[in-house]
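A.B. asks: Below is the structure I would like to discuss, written out as structure tokens.
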Amino acid sequence: MVTAWIALMTITTFAQESARKISREDAISIQIGLDDAGFSPGQIDGKWGGATRQALAAWQQANGLKASGDFDAITAANFLAGEANYTNYVVTAADLARLTRIPEDWKERSELSNMWFETVVEMVAEKCHASEGLIKTLNPGITNWAAIQINQSVTMLNLSPARHMSAAKVKVSLSAKTITAYDESGKMIALFPCSIAADKEKRTPGQLTVQTVAVNPNYTFDPVNFPELDDTQKGYGKLIAPAGPNNPVGTAWIGLSRVGYGMHGTPHPDQIGKTFSHGCFRLANWNATRLAQMVVIGTPVEVVE
């Protein structure tokens with residue numbers, strides 16, 4: 001993971017082929033490098049899209065380069081990455097025993113013992129910050145994911161352990177749909193794509209602070225926050241949904257100093273940046289957990305247009 005990118009492709013080649021289409025293997029390697037550095041492209045999928053360009057531009061800015069979002073010769077000379085890096089995960093009996101069907105009905109959800117993964121491919125994808133589509137592509141020999149047995153070996157991405165970083169300030173950009181962390185010197189140290197509230201009245205800029213931090217939280221369901229529900233579910237009253245990655249707030253909750261506002265995970269990482277939330281700032285679970293480890297109670301959070 002620390003092999004210079006120029007070991008894969010020379011600077012001259014990048015300069016000569018600046019407009020070339022980046023291959024899936026190259027895109028995976030760059031996405032892994034960005035994720036390892038704390039500049040998340042969202043789900044690693046091997047596709048060179050807007051989220052990856054946005055993450056790369058932030059990394060370039062943080063490293064004193066032109067924030068173009070293009071993987072040009074100068075970026076190649078400074079970017080630490082290696083060939084797309086893979087490992088194997090062996091499915092255990094405990095994994096299969098914990099798989100949980102998540103019902104649509106909130107009362108049924110509240111009666112679950114946990115809200116863990118529903119499928120093996122979902123579990124493996126989240127473990128390595130990848131899309132389920134990429135995991136399936138990396139495992140062409142697995143034709144029936146629902147029939148996976150104990151000791152099945154699954155190819156997955158090999159990520160580096162996240163470096164601990166402390167955020168002195170966090171900024172939420174409503175227009176860019178990003179959450180950016182800065183150190184005490186004002187240097188950008190991390191960037192995560194997010195979803196924002198659908199209701200414009202809930203997208204108010206302002207100065208907030210972190211009030212609570214909870215990893216692997218349960219979730220208090222209040223039908224008032226879900227006007228789209230049918231009359232039966234609206235009549236349930238408040239319920240407690242158990243913890244787990246498929247919990248509505250995912251694997252981490254960071255409560256803010258505005259009632260009902262927070263930064264949190266989600267069971268749907270593929271929808272980050274594409275859909276709106278009910279009022280909070282929603283991140284992929286791995287990014288929500290990483291951000292929760294960077295902040296403390298009192299950390300300032302600026303929300304800007």
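A.B. asks: Averaging over every viewing direction, what projected area does the convex hull of the Cα atoms of region 205-305 cover, in nm²?
C.D. replies: If you wrap the Cα atoms of region 205-305 in a convex hull and average its projections, you get 6.7 nm².
A.B. asks: If you roll a 1.4 Å probe over the heavy atoms of the protein chains, what accessible area per residue do you get for region 50-179, in Å²? Before the final figure, lay out the partial values.
C.D. replies: Details: 6380 Å² over 130 residues.
It amounts to 49 Å² per residue over region 50-179.
A.B. asks: Full-extension gain between residue 97 and residue 25, please, as 0.36 nm times their residue separation minus the C-alpha to C-alpha distance.
C.D. replies: 22.5 nm
A.B. asks: In addition: What percent does the relative contact order of the chain come to when contacts are Cα pairs within less than 8 Å and at least six residues apart?
C.D. replies: The value is 19 percent.
A.B. asks: What's the long-distance tail for region 148-289, i.e. % of Cα pairs beyond 18 Å? Mind dumping the intermediate values first?
C.D. replies: Details: 6269 of 10011 pairs.
Tail of P(r) above 18 Å: 63 percent of Cα pairs.
A.B. asks: I want to check the label-to-label distance for residue 163 and residue 185. Put each point 7 Å from Cα in the C-beta direction and report it in nm to one decimal.
C.D. replies: Between residue 163 and residue 185, the label points sit 1.2 nm apart.
A.B. asks: Now for a different question. Taking the Cα centre of the chain as origin, sum charge times position over the Cβ atoms of Lys and Arg (+1) and Asp and Glu (-1), and report the length of that vector in debye to the nearest 20.
C.D. replies: 480 debye
A.B. asks: Using a 1.4 angstrom probe and counting only protein chains, how large is the accessible area of residue 24 in Å², to 10?
C.D. replies: 100 Å²
A.B. asks: How large is the Rg to Rh ratio of the chain when both quantities use alpha carbon positions and Rh follows Kirkwood?
C.D. replies: In the chain, Rg relative to Rh is 0.98.
A.B. asks: As a test question: what accessible area, to the nearest 10 Å², does residue 175 have when a 1.4 Å probe is rolled over all protein chains in place?
C.D. replies: 90 Å²
A.B. asks: Hey, what did region 22-154 get for relative contact order, percent, Cα under 8 Å, at least 6 apart? The partial results should precede the final answer.
C.D. replies: Numbers: 156 pairs, mean separation 31.3, N = 133.
For region 22-154, the relative contact order is 24 percent.
A.B. asks: Return a whole-number percent for the relative contact order of region 191-247, with Cα pairs under 8 Å and 6 or more residues apart as the contact set. The partial results should precede the final answer.
C.D. replies: Numbers: 41 pairs, mean separation 18.4, N = 57.
Reported as a whole number, the value is 32 percent.
A.B. asks: I've got another one for you. Evaluate E = 1/(1 + (r/R0)^6) for residue 147 and residue 222, where r is the Cβ-Cβ distance and R0 equals 35 Å; express this FRET efficiency to the nearest 0.05.
C.D. replies: On the way: r = 39 Å, r/R0 = 1.11.
Computed FRET efficiency for residue 147 and residue 222 comes out at 0.35.
A.B. asks: In what order, largest first, do 99, 191 sit by accessible area if the probe radius is 1.4 Å?
C.D. replies: 99, 191
A.B. asks: Which links in 107/177; 187/274; 47/136 stretch past 21 Å when you go from one Cα to the other? Spell out each step's value before the answer.
C.D. replies: Values: 107/177 32 Å; 187/274 28 Å; 47/136 15 Å.
Too far apart for the 21 Å limit: 107/177; 187/274.
A.B. asks: Residue separation times 0.36 nm, minus the C-alpha to C-alpha distance between residue 200 and residue 304: what's the value?
C.D. replies: 36.1 nm
A.B. asks: Further question: I'd like the accessible area for residue 35: 1.4 Å probe, protein heavy atoms, all chains in place, Å² to the nearest 10.
C.D. replies: Accessible area, nearest 10 Å²: 10 Å².
The values are calculated or read from the model by the stated rules, or taken from the named source; none is laboratory data. Fair warning: this is a prediction, and the values are worked out from it, not measured in the lab. Neighbour counts are summed over all protein chains in view; Cβ atoms, including those assigned to glycine, are modelled from backbone coordinates with ideal geometry. Quick note on the areas: whole protein, heavy atoms, side chains included, nothing else; ligands and nucleic acids left out. Shrake-Rupley method; radii C 1.70, N 1.55, O 1.52, S 1.80 Å.
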